[in-house]
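The block underneath contains the structure these notes are about, expressed in structure tokens.
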Amino acid sequence: GRQFCYQTTWPNLWWSNPLAYLEVVYMCRLMDNMSKEIPLDKPWKAPRAKEWDKLTVQDFLCRHCWTKDGVEFLLSMCNCNNTADGHEMSLLYYLWYMRQGGGLLNLWSVTGGAQERKISTRLGSSSNLPFISSQVYCESTALDLVAIEAEAT
């Protein structure tokens, strides 16, 4: 295959299909808003938990997207973030994951985003760190966690 490099964090599919750009922006906002309905500590208590847990991410995107480019891009980002294909994970799980990470754009961002600060975004926000500070110790910024006095649960 051929390698394509681009200058931004977003691929240039927008130039070949401007509708895909609009679709991706719309879908990101829609899923970010949906994720706000999910409690961080009990995702199964979300108002639409049963409905969303029966639906895969791929099914959801295929039902709501207009373009093939938009679906392919969003599924590839789903795969990059979760190391699973869209047909392998429920929409509820993916929305809960998004909620923990502060939204899709934050999950995809490197500078100032989840890829830079995995520990704070995976826990929901840096404000949750005191909650676990008695159980773990951060030796370095490279996420080398050591349990202290009790097993992490």
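The values are calculated or read from the model by the stated rules, or taken from the named source; none is laboratory data. Owing to the predicted nature of the structure, the values given are computational and were not obtained by experimental measurement. Ideal geometry is used to build each Cβ from the backbone, glycine not excepted, and the neighbour counts take in all protein chains shown. Each accessible area value is taken on the protein alone, full model and side chains, heavy atoms only, with ligands, DNA and RNA left out. Shrake-Rupley method; radii C 1.70, N 1.55, O 1.52, S 1.80 Å.
Worth a mention:
- For the pair LYS50 and ARG2 in one chain, pulling the backbone fully straight at 0.36 nm per residue adds 13.1 nm over the alpha carbon distance.
- Taking each residue as 0.36 nm, the span from THR111 to LEU22 lengthens on full extension beyond its C-alpha to C-alpha distance by 29.7 nm.
- Global geometry of the stretch 16-56, whether rounded, prolate or oblate, following the gyration tensor of its Cα atoms and the 1.5 cut on a/c: prolate
- CYS80 accessible area, assembled protein chains, probe 1.4 Å, Å²: 90 Å²
- Given R0 = 25 Å, the distance between the Cβ atoms of TRP66 and ASN33 translates into a calculated FRET efficiency of 0.85.
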